[in-house]
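Where a number appears in this text, it was derived from the coordinates with a stated rule and is not lab data. Quick caveat, the model's predicted, so the values are computed rather than measured. Cβ placement follows ideal geometry from the backbone for every residue including glycine, while neighbour counts extend to all protein chains displayed.
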Amino acid sequence: MADATTDPQLRSWVEVGAEHPFPIQNLPFGVFSRFSEGGATTPRPGVAIGDLVLDLNLLETMGFFDGPQLRGAKVFSQSTLNAFMAMGRPAWREARKTISELLAANEPRLRDDASLRERALVPMSDARMHLPCEIPDYTDFYSSREHATNVGTMFRGADNALMPNWLHLPVGYHGRSSSIVPSGTEIRRPCGQTKADDAEAPSYGPSRLLDYELEMGFLVGPGTELGEPIPIQRAEEHIFGLVLCNDWSARDIQKWEYVPLGPFNAKNFATTISPWVITLEALEPFRTQGPPQQDPRPLPYLQHDAPAAYDLTLTADLVPESGEGVRCTTTNFKYMYWSMVQQLAHHTVTGCNVRPGDMMASGTISGAKKEERGCLLELTWRGQEPIELPNGEQRKFIQDGDEIRMTGHAQGPGYRIGFGPCDGKILPATPLDDASAR
Ligand code: MN
């Protein structure tokens, strides 16, 4: 599937350093408006190249997208990417090829037209990033064996760490799409109901055990009809691209509420994603084998031969309000036990339909080593082993004013496919007043 747009030798006339997240091999899609236009302008689709955003709406208006798929389609004249995502891979590849050619070092059409360049390329610092699409539904999986084993060990002991279903199906729950926000959105500490082990009754108040979960999310392209399962061999046709995902989690609320139906309020207050969608086209050179042969072998509807994992280095930093931050997690997306195509095949095996823009997140991505654990619950082993900050403070969980910053990238020869920021700062809770709380 690799093509000329992923050639490591390819260079753009836009200056991009070797470690920059957005070289010409990446070309991630997003939706932006301009601060300098007062934010009053309609959000529109763009592609990141170096420190600039290429305005796809303008290029479409000027007739640059004149291939058989996109001519007249007007998918970039909209304030979300849903219509483009719904078109499927032939249209995505056509758009990518057009953009790649326009930005290539030897291509003069845009490079040598100062007036057009001025209008079509927006400094990243002037781009306010929005969610890339309307997200109709959000599902969160639990597909890292190391994460599930660590959490299971903490809550049920090492002998019962993995539930009997875990090695047979990708466990997940239906999440909440209304509270998905783009990187940079401040997050209010949630209040809710918790019960300490030694307390007789539950109580109401701000969560005291607030955590991050380092995950990848994939966005669905073409949707399906109700009653129409997606066979695993065709699942990739329905995956537009990937974003970083912080599944904020209130562990104390989760512990009290989760039996028997799983997470609810512990997860529904916020999920942060990186606003640039990295396409499977850009990630194709980084496709790799997942974990060794799954044992027990999954049922036939979950079996696939082609490598379906991606080699993506992922990090999470905790940065206190004053002082230097600390790297908490360094892990890799390739550790996932269940692949994205298995998740999508399983999700739809019942005939559950999917819609363009649906997000499916991986679940916390942990590896075998301690520094590869993807959340504070595991890193501090429920708070027993606090993390040291450079300023001398300690953290068991996230405090007010702390910011969690996530990054991800694939390393190619001389270039990087980066994801850009996935950041969120925690604000103090605003509890209900006593009268309304009762
Ligand atoms: Mn999660």
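Once the principal axes of the Cα atoms of the stretch 106-216 are found, what is the range along each, listed largest first in whole angstroms?
So the extents along the principal axes, rounded to whole Å, are 71, 38, 23.
For the stretch 224-289, what relative contact order do you get, as a whole percent, if you take Cα pairs closer than 8 Å and at least 6 residues apart? Walk me through the numbers before you get to the answer.
Numbers: 54 pairs, mean separation 23.7, N = 66.
That works out to 36 percent.
State, to one decimal in nm, how far the label point of Q289 lies from the label point of A114, with both points 7 Å from Cα in the Cβ direction.
5.6
Give the cross-link partners of K195 among the aspartates and glutamates, using a straight C-alpha distance below 14 Å as the criterion and excluding same-chain residues fewer than 8 apart.
D252, E257
Collect residues whose amide H, placed 1.01 Å from N in the peptide plane, falls under 5 Å from the amide H of C422; neighbours closer than 5 in sequence don't count.
M406
Tilt of helix 89-103 relative to the longest C-alpha principal axis of the chain, in degrees (0 to 90, nearest 10)?
Taking the Cα atoms of the chain, the angle to 89-103 is about 60 degrees.
Scan around I180 for amide H atoms under 5 Å from its own, H built in the peptide plane at 1.01 Å from N, and keep only partners 5 or more places away or cross-chain.
Those qualifying (amide H under 5 Å, at least 5 residues apart or on another chain) are T271.
Is the C-alpha gyration tensor of the stretch 4-130 telling us rounded, prolate or oblate? Criteria: a/c under 1.5 is rounded; beyond that, a/b larger than b/c is prolate, otherwise oblate. Walk me through the numbers on the way to the answer.
Details: a/c = 1.43, a/b = 1.06, b/c = 1.34.
Here the stretch 4-130 falls in the rounded category.
What are the residues whose amide H is under 5 Å from the amide H of F29, where those residues sit 5 or more places off or on another chain and H is modelled from the backbone?
V277, T279
R297 versus L162, label points 7 Å from Cα toward the beta carbon: distance in nm?
Reported label-point gap for R297 and L162 is 1.7 nm.
Measure up K334/K396; K97/K334; K396/K425; K334/K370; K255/K396 against 25 Å on the Cα-Cα distance and list the ones that go over.
Numbers: K334/K396 27 Å; K97/K334 27 Å; K396/K425 17 Å; K334/K370 17 Å; K255/K396 16 Å.
Flagged as over cut-off: K334/K396; K97/K334.
With N residues in the stretch 138-436, what two-decimal value do you get for its Cα radius of gyration over 2.2 N^0.38 Å? Mind dumping the intermediate values first?
On the way: Rg = 18.9 Å, N = 299, 2.2 N^0.38 = 19.2 Å.
Relative to the rule-of-thumb radius for its length, the stretch 138-436 sits at 0.98.
Would you work out the relative contact order for the stretch 4-130, in percent, from Cα pairs under 8 angstrom that are 6 or more residues apart? Each step should come with its number before you reach the end.
Working: 197 pairs, mean separation 40.3, N = 127.
Relative CO of the stretch 4-130 lands at 32 percent.
Order by neighbour count: T330, T6, T42, fewest other Cβ atoms within 10 Å first, most last.
Values: T330 18, T6 23, T42 11.
The most exposed by this proxy come first: T42, T330, T6.
So which residue, out of T350, T279, T271, gets the largest mean-square fluctuation from a GNM of the chain using Cα contacts under 10 Å as springs?
Per the Cα network of the chain with a 10 Å cutoff, T350 tops the list.
In the Gaussian network model of the chain, springs joining C-alpha atoms below 10 Å, which of L376, L261, L162 carries the largest mean-square fluctuation?
Ranking L376, L261, L162 by mean-square fluctuation puts L261 first.
Quick check: the angle from helix 145-156's long axis to the longest principal axis of the chain, C-alpha only, nearest 10 degrees?
20
Hand me the trypsin sites (Lys or Arg not before Pro) from the stretch 49-150 located in a DSSP loop with no more than 14 other Cβ atoms within 10 Å, in residue order please.
Numbers: sites: R71, K74, R93, R96, K97, R109, R111, R117, R119, R128, R145; in loops: R71, K74.
Answer by residue number: R71, K74.
Compute the distance from the alpha-carbon center of the stretch 1-62 to that of the stretch 85-101, in whole Å.
Rounded to whole Å, the Cα centres lie 13 Å apart.
If contacts are Cα pairs under 8 angstrom and at least 6 residues apart, what is the relative contact order of the stretch 138-436 in percent? Intermediate values should be presented prior to the final figure.
Values: 714 pairs, mean separation 81.7, N = 299.
Dividing the mean separation by the residue count of the stretch 138-436 yields 27 percent.
Would you mind ranking W256, W338, W92 so that the residue whose beta carbon has the fewest other beta carbons within 10 Å leads the list?
Ranked by crowding around the Cβ, least crowded first: W256, W92, W338.
Counting only helical runs of four or more DSSP H residues, what would the 222 nm mean residue ellipticity of the chain come to if each run contributes -39,500 (n - 2.57) and the total is spread over all its residues? Kindly include the intermediate steps, with their values, before the conclusion.
Details: 11 runs with 78 residues, N = 438.
Taken over the chain, the calculation gives -4500 deg cm²/dmol.
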